[in-house]
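> First the structure, which I've put down as structure tokens, then a few questions once you've had a look.
The values are calculated or read from the model by the stated rules, or taken from the named source; none is laboratory data. What you see is a predicted model, and the numbers here were worked out from it, not measured in a lab. When we count neighbours, we look across all protein chains shown, and the Cβ atoms used for this are built from the backbone with ideal geometry, even at glycine.
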Amino acid sequence: MKYLSEYRDAEQARLYFNEIRRVTTKPWTLMEICGGQTHSLVRNGILDLLPKYITMVHGPGCPVCVTSVSVIDEAIYLAQQDNVILCSFGDMLRVPGSGKSLLEIKVKGADVRILYSPLEAVQIARENPGKEVVFFAVGFETTAPANALSVIQAHKLGINNYSILASHVTVPPAMEALLSDKENKIDAFLAAGHVCTIMGTEEYYPIAAKYKVPVVVTGFEPLDLLQGILMTILQLEKGEYKVENQYARSVLREGNKPAKDSIQEVFTITDRTWRGIGLISSSGYEVNDNYKKYNARVKFSLAMPFAEENNDCISGDIMKGLKKPLQCPNFGGRCKPEHPVGAPMVSSEGACAAYYHYSGAVELNPTI
Ligand code: SF4
């Protein structure tokens, strides 16, 4: 296939739906890891058209959703310092910290700038030598190479007024945490195609073998998702648990070596607290000691107290696959995109935002 529209072909989709119905004999619960996959499933009506005995649950692959309250408080603290320019991807601005959001303090005068690339932040640092420029480096393995490159670039250029507040998280430890949960209901995973484009598929073989779960690396278009679901169910029905690659047009088993090298050059593995889920050991990246002068936590001696999460938000249960967004009592009432209670209603990859915008729940319920 050559054009994007071919991955959205209705007749091909019909054939996949028919085949999924034909091969499925038992109820199965599948988790798509990535919020981009969740949005595509909901926006394209796939959840409504799958057989009722296939349950899709929505995983933690939304960087905005899993960035902890404490880290957002760190970003807010930095942005409130007189000489700091805090740069961030746009979605992070509306996520509530323990008190405020970055957007609220921006409105009150803090120098918070929305960027599309951390390399822009390096340029801002170059143009503002009297200021400290901090990039809020969130995301999964997908954004880590560009954030690492910004540090390498600053180092090469001799720029000393640049640093990053790293809050990277990594997928495989989170999958293991979900599978180890005593309430776990996940039978198989659709792994995130773009994460695997960077990291490859090697990390998933031990997980599939240890927990006896199929893992199918899957893309984001409707036909990608339907093919990934079909491949997963074929394995489940045969009692297999292999790693397969539906997204072969982008993912190599070994991943993208230069991108992985840049991650290894700048970061070290660390424990990370995931919003809604809690501490997962060895599940994040932090700037390593070789580049510690670019680590905002070191540069600003950050020692923020641990911030409690809002107990009214059930995002943790949603990201563990135990609940769906429409089961949250706040959905569409207290919690809407324009006044979110939790991060999954903010992010363009959040499950709650996907259901709010595309599921028809709002149109069907006039009280929302
Ligand atoms: S609807 Fe709002 S409060 Fe409920 S889980 Fe989603 S983000 Fe959290």
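> Scan the range 282-297 and give yes if some residue there is within 16 Å of the ligand (Cβ to nearest atom) and either part of a strand (DSSP E or B) or on the phi < 0 side of the Ramachandran plot (or both), otherwise no. Reasoning before the result, please.
Restricting attention to the range 282-297, the residues satisfying the condition of being within 16 Å of the ligand (Cβ to nearest atom) are none.
Looking through the range 282-297, none of the residues is within 16 Å of the ligand (Cβ to nearest atom) and either part of a strand (DSSP E or B) or on the phi < 0 side of the Ramachandran plot (or both).
> Can you find even one residue in the range 104-115 that is assigned to a loop (DSSP other than H, G, I, E, B) and within 21 Å of the chain's Cα centre (by Cα)? Full working, then the answer.
Residues of the range 104-115 that are assigned to a loop (DSSP other than H, G, I, E, B), as a first pass: 108-111, 115.
Still in the list and also within 21 Å of the chain's Cα centre (by Cα): 115.
Checked the range 104-115: at least one residue is assigned to a loop (DSSP other than H, G, I, E, B) and within 21 Å of the chain's Cα centre (by Cα).
> Still on this structure: Which number in (1) more than 9 Å from the ligand (Cβ to nearest atom); (2) more than 23 Å from residue 139 (Cα to Cα) marks the one condition that residue 271 misses?
Of (1) more than 9 Å from the ligand (Cβ to nearest atom); (2) more than 23 Å from residue 139 (Cα to Cα), only one is false for residue 271: (2).
> Mind checking which residues of the range 189-201 are surrounded by fewer than 23 Cβ atoms within 10 Å (Cβ to Cβ) and under 12 Å from residue 242 (Cα atoms)?
Answer for the range 189-201, where residues must be surrounded by fewer than 23 Cβ atoms within 10 Å (Cβ to Cβ) and under 12 Å from residue 242 (Cα atoms): just 201.
> Which helices (runs of 4 or more DSSP H) sit wholly inside the range 299-368 and have at least 1 residues that are more than 21 Å from the chain's Cα centre (by Cα) and more than 9 Å from the ligand (Cβ to nearest atom)? Give the steps one after another, and end with the answer.
Numbers: elements: 315-319, 351-358, 361-364.
By residue number, 361-364.
> Related question: Which residues, counting only those in the range 202-218, are of a type in the set (Phe, Trp, Tyr) and buried (at least 17 other Cβ atoms within 10 Å of the Cβ)?
Quick first cut of the range 202-218, residues of a type in the set (Phe, Trp, Tyr) only: 204-205, 211.
Matches in the range 202-218: 204, 211.
> Going through the range 264-279 one residue at a time, which ones are under 17 Å from the mean Cα position of the chain (by Cα) and buried (at least 16 other Cβ atoms within 10 Å of the Cβ)?
The answer is 272, 273, 274, 275, 276, 277.
> What pairs come up if the first residue lies in the range 174-200 and is within 13 Å of residue 277 (Cβ to Cβ), the second is surrounded by fewer than 22 Cβ atoms within 10 Å (Cβ to Cβ) and modelled with pLDDT under 95, and their beta carbons are under 6 Å apart, counting only those six or more places apart or on different chains?
Pairs that qualify, where the first residue is within 13 Å of residue 277 (Cβ to Cβ) and the partner is surrounded by fewer than 22 Cβ atoms within 10 Å (Cβ to Cβ) and modelled with pLDDT under 95: there are none.
> Checking the structure you have, find out if any residue of the range 123-141 is over 20 Å from residue 83 (Cβ atoms) and surrounded by fewer than 20 Cβ atoms within 10 Å (Cβ to Cβ).
Taking every residue of the range 123-141 in turn, none turns out to be over 20 Å from residue 83 (Cβ atoms) and surrounded by fewer than 20 Cβ atoms within 10 Å (Cβ to Cβ).
> Taking the range 219-240, which residues are under 16 Å from residue 20 (Cα atoms) and buried (at least 24 other Cβ atoms within 10 Å of the Cβ)?
225, 226, 228, 229, 232, 233
> Here's a follow-up. Does any residue in the range 61-76 that is in contact (Cβ under 8 Å) with a residue 40 or more places away in the chain and assigned to a strand (DSSP E or B) come within less than 8 Å, Cβ to Cβ, of a residue that is acidic (Asp, Glu) and surrounded by fewer than 24 Cβ atoms within 10 Å (Cβ to Cβ) six or more places away or on a different chain, and which pairs are these?
What qualifies is 61/349.
> Name the one entry in 69, 42, 57 that is surrounded by 19 or more Cβ atoms within 10 Å (Cβ to Cβ), of a type in the set (A, V, I, L, M, F, W, C), within 26 Å of residue 359 (Cα to Cα) and out of contact with any helix residue (DSSP H, G or I) (no Cβ under 7 Å at 6 or more places or on another chain). Break it down into steps so the answer makes sense when it comes.
Values: 69 fails: within 26 Å of residue 359 (Cα to Cα); 42 fails: out of contact with any helix residue (DSSP H, G or I) (no Cβ under 7 Å at 6 or more places or on another chain).
Sole residue among the options that is surrounded by 19 or more Cβ atoms within 10 Å (Cβ to Cβ), of a type in the set (A, V, I, L, M, F, W, C), within 26 Å of residue 359 (Cα to Cα) and out of contact with any helix residue (DSSP H, G or I) (no Cβ under 7 Å at 6 or more places or on another chain): 57.
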